[in-house]
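A.B. asks: I'd like to ask you about the structure that follows.
No value in this document is a laboratory result; all are computed from the given coordinates. None of the values given here were measured: they were computed from a predicted structure. When we count neighbours, we look across all protein chains shown, and the Cβ atoms used for this are built from the backbone with ideal geometry, even at glycine.
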Amino acid sequence: MELSKNYIPNETEARWYAHWLEKGYFNSKPDGREPYTVVIPPPNVTGVLHMGHCLNNTIQDILIRRARMQGKNACWVPGTDHASIATEAKVVQMLREKGITKSSLSRDEFLKYAWEWKDKYGGIILQQLKKLGCSLDWNRVSFTMDEEYYRSVIRVFIDLHRKGWIYRGKRMINWDVKAKTALSDEEVIRKETRQQLYHLRYQVVDSHATTPEYVTIATVRPETIMGDTAVCVHPKDERYKHLHGKRVLVPLINRSIPVITDEYVAMDFGTGALKVTPAHDMNDYQLGEKHRLEVVDIFHEDGTLNESAQILVGQDRFEARKNIIPMLEQGGYLVKTEEYTSEVGYSERTDVVVEPRLSLQWWVSMQKLSEPALNAVMEDSIRFFPPKFRNLYRNWMENIRDWCISRQLTWGHRIPAFYAPDGSFVVAENIDEAFTKFQQQGSGVRMDEIWQDNDVLDTWFSSWLWPFEVFRGYSHPGNKEVAYYYPTNTLVTAPEIIFFWVARMIMAGYEYMGEKPFRNVYFTGIVRDKLGRKMSKSLGNSPDLLGLIDQYGADAVRFGIMIASPAGNDILFDESSLEQGRNFNNKLWNALKLVKMWEGRQSATADTTPDFATDWFANRLQQAKAEVEEMLEQFRLNEALKTIYSLVWDDFCSWYLEWIKPGFEQPMDTGVYRKTIGYFEELMQLLHPFMPFISEEIYHLLNDRNDDLCVKLTAAPTPPSPHLLEAGELLKQVISALRDARNRNQLKPKDTIQLHVQTANTTGFAAIEHILAKQVNASSVAFTEQTIADSIVVAVEKDKFFIVSEKELDTGNLKAELLKDLEYQQQFLESVKKKLSNERFVQNAKPEVVDLERKKQADAEARIKTIQESLQNLG
RNA sequence: GGGAGCAUAGCUCAGCUGGUUUAGAGCAUCUGCCUUACAAGCAGAGGGUCCGCGGUUCGAACCCGUGUGCUCCCA
């Protein structure tokens, strides 16, 4: 069979993924084996695959594939969340394109469109994960608005309300006065806006003063002064110290408000005095809470002024701003006006200026829920990787705030609260139950008067149930599946949602399952572009992932993203790492070609004398396997991949294959050949979780077989022989040193040399003589007990090598090199001697450490001697 | 304002329990090679004030304090 010049991934990848699916390798059912469970962090149903998903899902796939190859029952559950904000925005946009406004639709009509949209476009991302090679159990796709899941979310709400942990309370929200809806922070677009900063003076209330005194504040929103309930100054501001405890009058309406002090005020901004309008500014609201200020709301929901404003009632906020200025001017309150540019929030949907507004919202009290969740992480019952996130988690959990769970949207789980015309409400699963509850309370409300809350729940209020509800753990408590798969093993996610999601899943897990949702949490980094900017749609710096997979192959993409990705550190993504992945594919492919070339050139019988190269590689492989194993246990995935990469590229390709390569047109020893195939297989097995496609392909090309690498069980590594490993390292070192010497002396690769070896270990060198000769292009290798004249001398540890060549040697250059080395060695010896002459070191340090230093000394002394001899030899 | 983290080669980062570290890898750079698997390659090389200062220790890139710079999260 002819193998192509380079590896061509596309066809191979599609073929193997289809094969794995057909064999049902990814499907899991509870059985007698140990489970290994991962639930996917449900991607947003509107999402398309981006670099973050790529990293996150590659990691999960590595863990799952490894577990599968370890003989565990690996189960990776796919799914999506309904993403109320993002999806609703998409649906509204789609309707707009059809000329339909959301407000013209009933709730049910809108939801019908939303479901249509979801069925058509939702979950594209799941298909894309197949391209990446993700071994998800496709029989288990879940969605946070599946019928049963939906009901569970509602029941959890009811349960928490019954426990008294859900309540209604006021909160400042972003209000769109045109759409008459609340906006999430993500839907608010901040724009630099030119404004006027008005300096207004408020008269100080002081019955004793002969002339009126004023305090001047600066504001860009003069139309809100009627909502002012305090003026705030910095406690240390000397200019205003005399005003502490006094009151001032709001211009035009003459309401008396207190002067308060708070360090929040920036003394150097404006006049250093701040008007406080708790109903209409986020910061002022907090200040108001802190100082228990009155809240005066002066706006209707459409942004016009209401009766509380007393003046300009019925005017729009911007109209009022225009109109209040002459009034202030006339009254002598306007001190000056200056140009001012600052960021103002605009609605993403309607482009009107967002109005901060107080609104009644639903909240979850976090006190009781957070306690076991904090302990679980602090006591390492749930382990974080990297552990540095424990601090962050603790800090947040210890200062936890209540969770606002209502969203002024339609797409999502509708809040199960039912209201009577008198404003009273009950929480119930449906209207019939609600009616019954009203009756039980003795309310005379009629069924047709009851209405359900129009808002939906925060998407996280459904996804916090994810780790158990994908197994119906809440809807069917104690069922066989949840009993088997829960708690799950590892959650892989981004640190940015540690509070939104991770913490809350832990809370829900303990509250509803009485058990943690997962044992380990692996935090990935944030994928940034080369310049360190977060990848985002608006910046357009997120590469087209499917395009990259087409171009480089999924294995190369997986490699590229993993090799650059230490746990919990952000990664700066650069396409050059994909090139590295693609090159690695090619390296593997070419090694395969070389090995396949030998297939037909095998010797009739196998040579039974021990072969150094095969013995060494067998041991090197076991050593690396153990290292990889340990790194994976510690979630150091990128280091594990680096280890495999260098094992394949350096040890296998650059050293081993070169060592066993027969001479031109020579036969290949059949025993060596078979061992080599075996090693190659093991390498592919080790690599498989990281690069599943090419490893499976090569596994099948190495030999005809009926099994698949994907589900082949990995044997545990056996302890390697330290002696052989050392001998291998020595050989590499000698070859490199001799090649370096050749290079430095301008010997061309084709120029042959005669090599003389001076060593105490002649038997050791006899075993590797043929390798050595081949690797340094020596026509002969001889042992010697004397120094060889007119040669290049190379010392490696205690052995000396003399290179004799036909070419004229540049002795001046050689001498300079030797002198440089001599100086270095002498300095090194000095530092070691100094250490050893320090009595306290010899007394306090561990004996091994002291021995080590003694060995360093001996080696350095031997080397110095060799160098001095070499110098003499050069004359 | 509160919290967390980071600072090591030109770039991106490893360096785990302080002692095989006079500090490693990949990329980039330089030199020599189209050597029959691979130029998307091979063989080599150069490159460092481990952010500054102080301390602990026989010994510090690593621990402690402090300063500087940067990043993120919460408000």
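A.B. asks: Would you work out if the range A:692-743 is rounded, prolate or oblate? Take a ≥ b ≥ c from the square roots of the eigenvalues of the alpha-carbon gyration tensor; rounded if a/c is under 1.5, else prolate when a/b is larger than b/c, oblate otherwise.
C.D. replies: Verdict is oblate for the range A:692-743.
A.B. asks: Helix A:107-121 sits at what angle to the longest principal axis of chain A, using alpha carbons and giving 0 to 90 degrees rounded to 10?
C.D. replies: 10
A.B. asks: Just the number, please: percent antiparallel of the DSSP beta bridges in the range A:214-308, rounded to the nearest 5.
C.D. replies: Rounded to the nearest five, the antiparallel share is 75 percent.
A.B. asks: Using the 10 angstrom Cβ neighbour count as an exposure proxy, how do A:Met94, A:Met172, A:Met597 rank, fewest first?
C.D. replies: Details: A:Met94 16, A:Met172 21, A:Met597 11.
Fewest-to-most Cβ neighbours within 10 Å comes out as A:Met597, A:Met94, A:Met172.
A.B. asks: To the nearest 20 Debye, how big is the dipole of chain A about its Cα centre, given +1 on the beta carbon of each Lys and Arg and -1 on that of each Asp and Glu?
C.D. replies: In debye, rounded to 20, chain A gives about 520.
A.B. asks: If you don't mind, there's one more thing I want to ask. Once the Cβ-Cβ distance between A:Tyr824 and A:Glu665 is put in as r, and R0 is 60 Å, what FRET efficiency do you end up with, to the nearest 0.05?
C.D. replies: It comes out at approximately 0.85.
A.B. asks: Kindly work out what percent of the DSSP beta bridges joining two residues of the range A:704-837 are antiparallel, to the nearest 5.
C.D. replies: In the range A:704-837, DSSP labels about 65 percent of beta bridges as antiparallel.
A.B. asks: Hey, another quick one. What angle do you read, to the nearest 10 degrees and between 0 and 90, between the alpha-carbon axis of helix A:612-633 and the longest principal axis of chain A?
C.D. replies: Around 10 degrees separate the two axes.
A.B. asks: Can you tell me the order of A:39-51, A:695-707 when each peptide is scored by its average per-residue count of other Cβ atoms within 10 angstrom, highest first?
C.D. replies: Working: A:39-51: 22.2, A:695-707: 16.0.
Per-residue mean Cβ counts within 10 Å order the peptides as A:39-51, A:695-707.
A.B. asks: Before anything else, pin down the relative contact order of chain A: Cα pairs under 8 Å, at least 6 apart, normalised by residue count, whole percent. The partial results should precede the final answer.
C.D. replies: On the way: 1415 pairs, mean separation 105.9, N = 875.
Over chain A, the number comes to 12 percent.
A.B. asks: 5 Å is the cut-off here: which amide hydrogens, built 1.01 Å from N in the peptide plane, fall below it relative to A:Trp451, excluding neighbours closer than 5 in sequence?
C.D. replies: A:Tyr419
A.B. asks: How big is the antiparallel share of DSSP beta bridges in chain A, given as a percent to the nearest 5?
C.D. replies: Details: 66 of 93 bridges.
Of those bridges, close to 70 percent are antiparallel.
A.B. asks: Right, here's the next one. Students often get this wrong: which residues of the range A:843-857 have the backbone nitrogen under 13 Å from the point 7 angstrom along Cα-to-C-beta of A:Lys798?
C.D. replies: A:855-856
A.B. asks: Beta carbons within 10 angstrom, averaged per residue: use that to sort the peptides A:134-145, A:193-204, A:27-38, highest first.
C.D. replies: By packing density, highest mean first, the sequence is A:134-145, A:193-204, A:27-38.
A.B. asks: Quick check: net charge around A:Asp669, other residues with Cβ under 12 Å of its Cβ, Lys/Arg +1 and Asp/Glu -1?
C.D. replies: On the way: positive: A:Arg601, A:Lys661, A:Arg674, A:Lys675; negative: A:Asp607, A:Asp611.
Computed value for this residue: +2.
A.B. asks: Oh, and also: For chain A, what does the helix formula give at 222 nm: sum of -39500 (n - 2.57) over DSSP H segments with n ≥ 4, over the residue count, nearest 500 deg cm²/dmol? Numbers along the way, then the final one.
C.D. replies: On the way: 27 runs with 365 residues, N = 875.
So the calculated ellipticity at 222 nm is -13500 deg cm²/dmol.
A.B. asks: Further question: For A:Val711, what is the net charge nearby, where nearby means another residue's Cβ is under 9 Å from its Cβ and Lys, Arg count +1, Asp, Glu -1?
C.D. replies: Counting the neighbours of A:Val711, the net charge comes to +1.
A.B. asks: Rounded to the nearest whole Å³, what is the per residue volume of the convex hull around the Cα atoms of chain A? Could you put the intermediate results ahead of the total?
C.D. replies: Numbers: hull volume 226.8 nm³, N = 875.
Looking at chain A, the number lands at 259 Å³ per residue.
A.B. asks: Can you list the residues, at least 5 places off or on another chain, whose amide H is less than 5 Å from the amide H of A:Val248, using H built in the peptide plane?
C.D. replies: A:Val205, A:Ile257, A:Val259
A.B. asks: A further question follows. Between rounded, prolate and oblate, where does the range A:144-225 land on the alpha carbon gyration tensor, with a ≥ b ≥ c its root eigenvalues, rounded for a/c under 1.5, else prolate if a/b exceeds b/c?
C.D. replies: In terms of gyration-tensor shape, oblate.
A.B. asks: Compute, for the range A:1-110, the length of the dipole vector about the Cα centre, with Cβ point charges of +1 (Lys, Arg) and -1 (Asp, Glu) only. Units Debye, rounded to 20.
C.D. replies: 160
A.B. asks: Continuing with the same structure: Only Lys, Arg, Asp and Glu count, each charged at its Cβ (+1, +1, -1, -1), so figure out the dipole size of the range A:774-875 about its Cα centre, rounded to 20 debye.
C.D. replies: 460
A.B. asks: Right, next: Sort A:824-830, A:843-849 by the packing proxy (mean of other Cβ within 10 Å over each peptide's residues), most packed first.
C.D. replies: Descending packing order for the listed peptides: A:824-830, A:843-849.
A.B. asks: What is the angle, in °, between the Cα long axis of helix A:722-744 and the longest principal axis of the Cα atoms in chain A? Nearest 10 is fine, range 0 to 90.
C.D. replies: 80
A.B. asks: Then there's this: Grab the Cα-Cα distance for A:Asn454 and A:Arg155, subtract it from 0.36 nm times how many residues apart they are, and report the gain in nm with one decimal. Before the final figure, lay out each step's value.
C.D. replies: Details: separation 299, 0.36 × 299 = 107.64 nm, distance 1.75 nm.
Separation in residues times 0.36 nm, less the Cα-Cα distance, equals 105.9 nm.
A.B. asks: Using amide H atoms built 1.01 Å from N in the peptide plane, name the residues 5+ places from A:Ser603, or on other chains, whose amide H lies under 5 Å from its own.
C.D. replies: A:Met668, A:Asp669, A:Thr670
A.B. asks: Once you place label points 7 Å from the Cα toward the Cβ at A:Leu871 and A:Arg162, how far apart are they in nm?
C.D. replies: Here the answer is 9.1 nm between the modelled labels.
A.B. asks: On to the next question. What are the ³J(HN,Hα) values, in whole Hz, obtained from phi via the Karplus relation 6.51 cos²θ - 1.76 cosθ + 1.60 with θ = phi - 60°, for each residue of the range A:160-168 in sequence order, with x given for Gly and Pro?
C.D. replies: Computed from phi, the couplings for the range A:160-168 are 5, 5, 4, 6, x, 9, 10, 9, 9 Hz.
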